[in-house]
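The values are calculated or read from the model by the stated rules, or taken from the named source; none is laboratory data. A quick note: this is a predicted structure, and the numbers were derived from the prediction, not measured. Positions of Cβ are generated from backbone atoms using ideal geometry, with glycine treated the same way; all protein chains shown enter the neighbour counts. Surface accessibility is based on the protein's heavy atoms, side chains included, excluding ligands, DNA and RNA. Shrake-Rupley method; radii C 1.70, N 1.55, O 1.52, S 1.80 Å.
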Amino acid sequence: MGKLRLSVAMGDYDRTRALLDGRVQIDGVNPVYMTLAPEETFFRALRQQEFDVSELSLSSYVIKASRGECPYVAVPVFLSRAFRHTAIWVRKDRIRSPQDLKGKRVGLPEYQLTANVWARAILQDDHGVHPRDITWVRGGIQTPQRPEKIQLTLPADVRIEDAPVDRTISELLDAGDIDGFMAPRPPAGAAVRNPQVRWLFDDPTAAATDWYRRTGIFPIMHVLGVRNTLAKRHPWLPAALLKAFTQAKAAALDALADTSATKVTLPFVEEQLKAARETLGNDYWSYGVAGNEVTLRAFLHHHHGQGLSVRAMSVAELFHPATYESHRI
C-alpha cells in the first residue's frame with residue numbers, strides 16, 4: 001500500500017520550512033504543499049473545504065466546532081501565536097487611553113478573527129472596555145467589501161455597521177471617520193503614514209510582557225486541521241501530523257539559536273531569543289495540549305463570552321483524541 005497523497009495548505013514559516021524542503025517527513029503521507037496567505041487559506045478551507053490538511057483560524061474552528069458543523073478536526077499544532085496588543089490602532093488626536101474607546105467607532109476586517117477575540121479580551125479584562133461599548137465598522141483593510149467567512153449571530157448589544165462599499169477601514173481611519181482600527185495586519189496606505197495614527201499602547205511589548213507575567217497566556221492564533229473523513233478513515237494521521245510539525249518546529253528553533261550567521265534578516269535575534277526564553281520559558285512556542293491549557297481555556301471563555309461560539313466548549317473536545325498524549329522513552 002502506498003502513502004496517502006494529501007493536500008496541505010499552510011503558511012511559509014520557519015517552523016514549517018523543514019516540511020517544505022523534505023528534511024522532515026509525515027509518516028505515511030506523500031504531501032502536496034501549498035503555501036498561502038492566511039486569508040486565502042481560511043477562506044478556501046472553510047467555504048469550499050478544498051484541502052485535506054489545512055492551517056485554520058482558531059476562532060473560525062471553534063465557531064464551526066461549537067455548532068457541530070466543522071469539516072475538519074483540529075490538531076494542537078499552533079502555527080501562529082502572537083501577543084495582540086499591536087492589533088489595536090487609534091487616532092491619537094482623540095484616543096489617549098483604552099477607556100477613551102468607549103462610545104467610539106472602531107474598524108475591523110471581520111468581527112470573529114482570532115486576533116480580534118484576543119484584542120477585545122485585553123480591552124475587557126485589563127481596561128473595562130466591553131465589546132458593547134464600541135460601535136464596530138466592518139470592511140476590508142486594503143480592498144473594500146470584505147465579507148465575514150462565517151455567518152454570525154452576535155449578542156443584541158453588539159453594534160456592527162458595514163463600511164461604505166467603496167471605502168476601506170484604512171481609508172476611514174486616515175480620514176478620521178472612525179476612531180480606531182483592530183486587525184492582525186496594520187492599516188494600509190496613507191493611514192499608516194498618518195502621524196495621528198498609532199498603536200493604542202505606546203509600548204506594546206512592555207504591555208504584552210506584563211500581561212503574560214500576570215496571566216501566563218501566550219495567545220494562540222492558528223491550529224492545524226485535518227479533514228474529518230480522513231481522520232476517521234486513518235486514525236493514525238492526526239498524531240503523525242503532530243509529530244512531523246513538532247519536528248519541523250524544533251529544526252527551526254535550532255537554526256534560530258545558531259548565531260554564527262543569523263537565519264533571519266533582522267538584527268538582535270540572539271538578544272530577542274534570550275529575552276523570549278527568559279520571559280516565556282525555553283519551550284515558549286510549544287505544540288500539544290499539555291502546557292497550553294491556560295491559554296486555550298482563556299480563549300474559549302472569551303470566545304463564548306463574546307457570543308461567537310454557540311456553547312461553551314472545553315479544551316478536552318477541541319482536538320482529535322489521538323493528539324492529547326504521546327509516547328515517551
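Tell me which of these residue 189 doesn't satisfy, since it passes every other one: (1) open to solvent by 50 Å² or more (accessible area, probe 1.4 Å); (2) on the phi > 0 side of the Ramachandran plot. Unmet condition: (1). Mind checking whether some residue in segment 215-226 is open to solvent by 70 Å² or more (accessible area, probe 1.4 Å) and more than 26 Å from residue 123 (Cα to Cα)? No, every residue in segment 215-226 fails to be open to solvent by 70 Å² or more (accessible area, probe 1.4 Å) and more than 26 Å from residue 123 (Cα to Cα). In the set (1) open to solvent by less than 50 Å² (accessible area, probe 1.4 Å); (2) modelled with pLDDT under 95; (3) not in a loop (DSSP other than H, G, I, E, B); (4) not charged (D, E, K, R), the condition left unmet by residue 152 is number (3). Here is a check on your reading of the model: is residue 211 modelled with pLDDT of 95 or more and open to solvent by 30 Å² or more (accessible area, probe 1.4 Å)? Against the criterion (modelled with pLDDT of 95 or more and open to solvent by 30 Å² or more (accessible area, probe 1.4 Å)), residue 211 does not qualify. Working only within segment 192-206, note down all residues that are within 16 Å of residue 168 (Cα to Cα) and open to solvent by less than 90 Å² (accessible area, probe 1.4 Å). Once the filter is applied, which keeps residues that are within 16 Å of residue 168 (Cα to Cα) and open to solvent by less than 90 Å² (accessible area, probe 1.4 Å), segment 192-206 yields 192, 194, 197. Only residues that are aliphatic (A, V, I, L, M), more than 21 Å from residue 131 (Cβ to Cβ) and in a loop (DSSP other than H, G, I, E, B) were counted in segment 172-198, giving 1.
Only one entry of 273, 241 meets the criterion of being free of Cβ contacts under 8 Å to residues at least 24 places away in the same chain and within 22 Å of the chain's Cα centre (by Cα), and that entry is 273. Residue 32 meets the stated requirement of being of a type in the set (A, V, I, L, M) and open to solvent by 30 Å² or more (accessible area, probe 1.4 Å). Within segment 76-103, restricting attention to residues that are touching a His at 6+ places or on another chain (Cβ under 7 Å) and open to solvent by less than 30 Å² (accessible area, probe 1.4 Å), the residue that is farthest from residue 14 (Cα to Cα) is 98. Listed conditions (1) open to solvent by 20 Å² or more (accessible area, probe 1.4 Å); (2) part of a loop (DSSP other than H, G, I, E, B); (3) at negative phi are all met by residue 291, apart from (3).
Would you check which residues across segment 1-15 are out of contact with any helix residue (DSSP H, G or I) (no Cβ under 6 Å at 6 or more places or on another chain) and either part of a loop (DSSP other than H, G, I, E, B) or of a type in the set (S, T, N, Q) (or both) and list them? If the condition is that a residue be out of contact with any helix residue (DSSP H, G or I) (no Cβ under 6 Å at 6 or more places or on another chain) and either part of a loop (DSSP other than H, G, I, E, B) or of a type in the set (S, T, N, Q) (or both), then 1, 2, 3, 7, 11, 12, 13 are the ones that fit. Of the residues making up segment 77-108, those that are over 30 Å from residue 321 (Cα atoms), among the charged types (D, E, K, R) and in contact with a helix residue (DSSP H, G or I) (Cβ under 8 Å, 6 or more places away or on another chain) are 91, 94, 102.
For residue 39, the conditions (1) farther than 21 Å from residue 285 by Cβ; (2) surrounded by fewer than 24 Cβ atoms within 10 Å (Cβ to Cβ); (3) at pLDDT 95 or above are fulfilled apart from (3). Of all residues in segment 254-266, those satisfying the criterion of being open to solvent by less than 100 Å² (accessible area, probe 1.4 Å) and under 25 Å from the mean Cα position of the chain (by Cα) are 255, 256, 257, 264. When residue 316 is tested against (1) loosely packed, with under 13 Cβ neighbours inside 10 Å; (2) small (Gly, Ala, Ser); (3) at pLDDT 95 or above; (4) part of a loop (DSSP other than H, G, I, E, B), exactly one condition is not met: (4).
Of the residues examined, residue 55 is not one that is buried (at least 16 other Cβ atoms within 10 Å of the Cβ), among the acidic types (Asp, Glu) and modelled with pLDDT under 95.
Where helices (runs of 4 or more DSSP H) sit wholly within segment 199-262, those with at least 1 residues that are over 30 Å from residue 94 (Cβ atoms), touching a helix residue (DSSP H, G or I) at 6+ places or on another chain (Cβ under 8 Å) and of a type in the set (Gly, Ala, Ser) occupy 228-233, 237-257. No other residue among 106, 117, 137, 158 is crowded, with 22+ Cβ neighbours inside 10 Å, among the aliphatic types (A, V, I, L, M) and within 13 Å of residue 307 (Cα to Cα) apart from 117.
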